[in-house]
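> Just dropping this structure here.
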Amino acid sequence: MKKILLAVDGSETSLKAAEQAKKLAQAFGSEIVILSVAHEPELHIFTEGAFLPDIKEEQAKILKARIIACEKLAKSIAEENVEKGIKVDYKVREGRPSDEIIKEADQEPYDLIILGSRGLTGVKRFVLGTVSGKVANNSICSVMIVK
Ligand SMILES: Nc1ncnc2c1ncn2[C@@H]1O[C@H](COP(=O)(O)OP(=O)(O)OP(=O)(O)O)[C@@H](O)[C@H]1O
Ligand SMILES: [Mg+2]
């Protein structure tokens, strides 16, 4: 268990996942990479009188704000790990969260991906969110889904 990928969106469940990652890293001497994905802004339906350049500018602003929020979140979790003497790094990617988590896991030799079962946006009655579901289904490495 050398390298763990921890995916966080700031939800309560993802913070629980972060706690589990910390415990595993301490037990196995693993390195943790924290990943927070800034979701690319949704393409909104044109509203009357809105110009495409305005929409593009608005979307760029939204993305920038999301990147800043992701960086803040990932950094604060990284700092908690540093305090415990864990080797840690953090990354922010832009795009669709499930795709970016899977891509990151394909590019580096991770032994485990840890994420929460649910996140910020979903409907409570479902057991898994789309991100945890897609990562579990499509990732080549082992996945731990924390409830
Ligand atoms: N943008 C993200 N960046 C990094 N990890 C994420 C991101 N979004 C979700 N995750 C990870 O996936 C876990 C499950 O979240 P998910 O988004 O699948 O559930 P949800 O928000 O309840 O539902 P949905 O997004 O399908 O509406 C989170 O606890 C977190 O660990
Ligand atoms: Mg979500």
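Rule-based calculations on the coordinates, nothing more; no lab input. Predicted model only: the values in this text are computed from it and were never measured. Cβ placement follows ideal geometry from the backbone for every residue including glycine, while neighbour counts extend to all protein chains displayed.
> Tell me, what is the percent relative contact order of segment 1-130, built from C-alpha pairs under 8 Å that lie six or more residues apart?
41
> I would also like to ask the following. Give me the compactness ratio for segment 1-122, meaning the Cα radius of gyration over 2.2 N^0.38 Å.
1.20
> Separate question: Using the Karplus equation 6.51 cos²θ - 1.76 cosθ + 1.60 (θ = phi - 60°), what ³J(HN,Hα) coupling, rounded to whole Hz, does each residue of segment 110-125 give in order, writing x for Gly and Pro?
Listing the rounded values in order: 7, 9, 7, 9, 10, 8, x, 5, 10, x, 7, 10, x, 8, 4, 5 Hz.
> If you don't mind, another one. So if I place +1 on the C-beta of Lys and Arg and -1 on the C-beta of Asp and Glu, and nothing else carries charge, what would the dipole magnitude of the chain be about its Cα centre? I want it in debye, nearest 20.
With Lys and Arg at +1 and Asp and Glu at -1, about 560 debye.
> For segment 121-147 and segment 5-77, what is the separation of their Cα centres, given in Å?
16
> With a point put 7 Å past each Cα toward its Cβ, work out how far residue 140 is from residue 28 in nm, to one decimal.
With each label placed 7 Å out from Cα toward Cβ, I get 1.8 nm.
> With each run of n ≥ 4 DSSP H residues scored as -39500 (n - 2.57), what mean residue ellipticity at 222 nm is computed for the chain after dividing by its residue count and rounding to the nearest 500 deg cm²/dmol?
Value at 222 nm, helices only: -16000 deg cm²/dmol.
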